[in-house]
Amino acid sequence: MKILLYNPDNGVTRNFMPHLWMFLLQALTPAGHEVLLIDGNAQPMDEAQIAEYVRVQKIGLVGIGAMTRMIAKAYRMADAIRATGVPVVMGGPHVTEMADEALGRDGGPRHADAVALGEADETWPHIVNDAAEGKLKEVYAPVDVFGQERKPSLQDYPAIPWQSIDLDQFNLIPGAARGMLQKIGEGWGTFRIVPVESGRGCPYGCEFCTVTGFFGDSIRFRTNKSVVNELLALKARARTEKGQMAVFFIDDNFAISVKRTKSLLRDIIAAGAQVHWVAQISANLLRDEELIDLIAASGGKWIFIGMESVDPANLKDMNKGFNKPGEYAAVLERLAKRNVYAITSFIFGMDNDTTGVAERTLEQVRTWPPGLPIFGLLTPLPGTPLYKRLQTSDRLTRPKHWQEFIPFAMAHSPLKMTIEEAHDEVKYGWAHCYSPEALALAVQSLNDQPLGYRVNIFLARLCFRGIYFPMLGKFAWLKVIAQNRKTIFVLVKEAVFGRKKRPRPAAPEPAYGEAGTAEASGD
Ligand code: B12
Ligand code: SF4
């Protein structure tokens, strides 16, 4: 049987990285079946195109996985596929919470023939076998013989065959530049960010987050050896194709066991398996100097930190009181000393937020080393304690907000400001952190560092700017390049002619740092 695994885009923003679930399920598919992968972020398709693809390729089963914000598109694509007579199975965090919606048991239309609840590592082979025999059940749940929920162990994690997987659709280098870039330095003909997991589960239970409910509070790890081997395979592939490969450790909290993380990082270093990597780690786990040394030595470049708020009252409300705003600066300095920088994620629209929250956040961020602040709005995702609380108190203004995805739009009334004011706060954050002046200051604040670091922060800021101000198409990019021409000129001049030593700015400069995401930022 030919199987298609499809991940929809949300029609608004694009992911820079492929989704792990597709590669994982591909690796867990029983022998004798062919699995094709399409990520809508890399290969945009509409309903007619996917139906045509399924017909032409003679696909026998389609698996669709989606986050809440992609689910409306996922349902539309599933409807188009089912209309061709091919069965659709859906999985992932949204349908796990809303299985009746996907199966049409809530009075709405049916979109899926079957749903896979929770982690599907062990149920996927059964789904494939049942589909091949034409006996697909409606619901697949990961349970043991007694009907108790069972979380897969990651000790026998499958080897994902990175050396042979077709990754063409995920190259971040524009086609026109590939030939030339392949020849320079370490080879940049391809650049891919690849998701790798080293463990699952986070026990912290932040109110807005789906992770503790979905993966459970029991933490499970892969063996160090299997992670190291995966990194070595990725490095080998990058070498063969004269390209670059970076890794996103997608664990929700990569240092949830500091002891184990240190042991993994030591093994990575010992095996020479270092690649540039990004990971999500909560601020409270970044106090350990030895851990930060190992992060830097093993290739860690960016750490995503869900700071959420600079107001301890908000953090307490969200059950995230372990975040201590008073220590954010020290954590970021500790990382920056090793040239590791942070993606700092902030959520506005929390119950204690009042107007001006963005500026109050930026006042703090400006005193920190430069990073990539991201700002979002508190979003009640189905299945979270936050959703239940807002539903009970009748504060949901769009209880099924996922039926019409609108980026950066609240779905409930905040307590101390209006919805419009919350939207304005997010806009303020993005506008002030990603303006040409803010980008110039971020670059300037690293004046005592090698050129590469400054180019890195500049390019990363340009890309992150696109999260709020979409930069789709050449014209949008040209405009941004024109706006930032002074900074580009300084960097290019230095690359060509070298530079005189310049001091770091004496005092913290206004507006280089800033703030973020947030439906629910992991970590
Ligand atoms: C990596 C990641 C990202 C990446 C992008 C995704 C990517 N390319 O991998 C980045 C950093 C860009 C990102 C961004 C966001 N993310 Co995110 N992200 C994750 C993270 C940490 C890991 C995903 C992952 O690979 N997990 C490991 C795999 C193995 O698990 P899985 O995907 O759940 O798949 C398993 C099962 O669900 C199931 N399954 C999944 N799909 C399918 C399909 C079929 C057919 C079947 C049978 C089974 C199946 O089988 C798999 C194996 O067991 C998760 C948290 C988490 N731990 O999952 C959050 C998570 C998915 N993100 C979340 C959110 C909210 C976001 C943002 C909206 C945050 C924000 N406010 O900006 C953005 C949106 C991005 C966008 N483009 O619109 C939420 C989604 C909740 C929800 N109900 O939708 C999660 C769960 C975290 C959370 N805090 O609650 N994210
Ligand atoms: S937000 Fe981060 S720390 Fe909190 S439960 Fe989710 S993954 Fe864990």
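The values are calculated or read from the model by the stated rules, or taken from the named source; none is laboratory data. Predicted model only: the values in this text are computed from it and were never measured. Here Cβ is always computed from backbone atoms with ideal geometry, including for glycine, and neighbour counts include all displayed protein chains. These area figures cover heavy atoms from the full protein model, side chains too; ligands, DNA and RNA do not enter into them. Shrake-Rupley method; radii C 1.70, N 1.55, O 1.52, S 1.80 Å.
Computed quantities for the displayed model
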read-out	value
The range 78-118, residues that are under 26 Å from residue 1 (Cα atoms), assigned to a loop (DSSP other than H, G, I, E, B) and open to solvent by 10 Å² or more (accessible area, probe 1.4 Å)	83, 84, 85, 86, 87, 92, 110, 111, 113, 117, 118
Candidates 262, 242, 225, 235 - the one that is on the phi > 0 side of the Ramachandran plot and away from ligand 2 (no atom under 16 Å from the Cβ)	242
Within the range 1-72, strands (runs of 3 or more DSSP E) holding 1 or more residues that are in contact with a strand residue (DSSP E or B) (Cβ under 9 Å, 6 or more places away or on another chain) and open to solvent by 10 Å² or more (accessible area, probe 1.4 Å)	2-7, 34-39
The range 263-275: number of residues that are open to solvent by 30 Å² or more (accessible area, probe 1.4 Å) and within 23 Å of the chain's Cα centre (by Cα)	1
Selected residue (criterion: farthest from ligand 1 (Cβ to nearest atom)) from residues of the range 137-156 that are open to solvent by less than 50 Å² (accessible area, probe 1.4 Å) and aliphatic (A, V, I, L, M)	141
Residue that is surrounded by the fewest Cβ atoms within 10 Å (Cβ to Cβ), among those in the range 475-490 that are closer than 13 Å to residue 454 by Cα and under 29 Å from the mean Cα position of the chain (by Cα)	488
Only listed residue being within 23 Å of the chain's Cα centre (by Cα) and open to solvent by less than 40 Å² (accessible area, probe 1.4 Å), chosen from 468, 434	434
Looking only at the range 439-465, and only at residues there that are open to solvent by 60 Å² or more (accessible area, probe 1.4 Å) and more than 20 Å from residue 172 (Cα to Cα), the one that is modelled with the highest pLDDT	444
Scan of the range 245-259 for residues that are over 20 Å from the mean Cα position of the chain (by Cα) and more than 16 Å from ligand 2 (Cβ to nearest atom), ordered by number	259
Single match in 244, 163 (criterion: open to solvent by 20 Å² or more (accessible area, probe 1.4 Å) and in contact with a His (Cβ under 9 Å, 6 or more places away or on another chain))	244
Matching residues in the range 189-214 - criterion: being aliphatic (A, V, I, L, M) and either more than 15 Å from the chain's Cα centre (by Cα) or open to solvent by 20 Å² or more (accessible area, probe 1.4 Å) (or both)	193
Any hit, the range 335-345, residues being within 16 Å of ligand 2 (Cβ to nearest atom), among the charged types (D, E, K, R) and within 22 Å of residue 293 (Cβ to Cβ)	no
Filtered residues of the range 119-134 (kept if more than 16 Å from ligand 2 (Cβ to nearest atom) and either buried (at least 19 other Cβ atoms within 10 Å of the Cβ) or closer than 17 Å to residue 215 by Cα (or both))	120, 121, 122, 123, 124, 127, 128, 131
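Yes or no, residue by residue, for (1) without any contact (Cβ under 8 Å) to a residue 40 or more places away in the chain; (2) not aromatic (Phe, Trp, Tyr):
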residue: 3; (1), (2): no, yes
residue: 21; (1), (2): no, no
residue: 36; (1), (2): yes, yes
residue: 41; (1), (2): yes, yes
residue: 50; (1), (2): no, yes
residue: 62; (1), (2): no, yes
residue: 77; (1), (2): no, yes
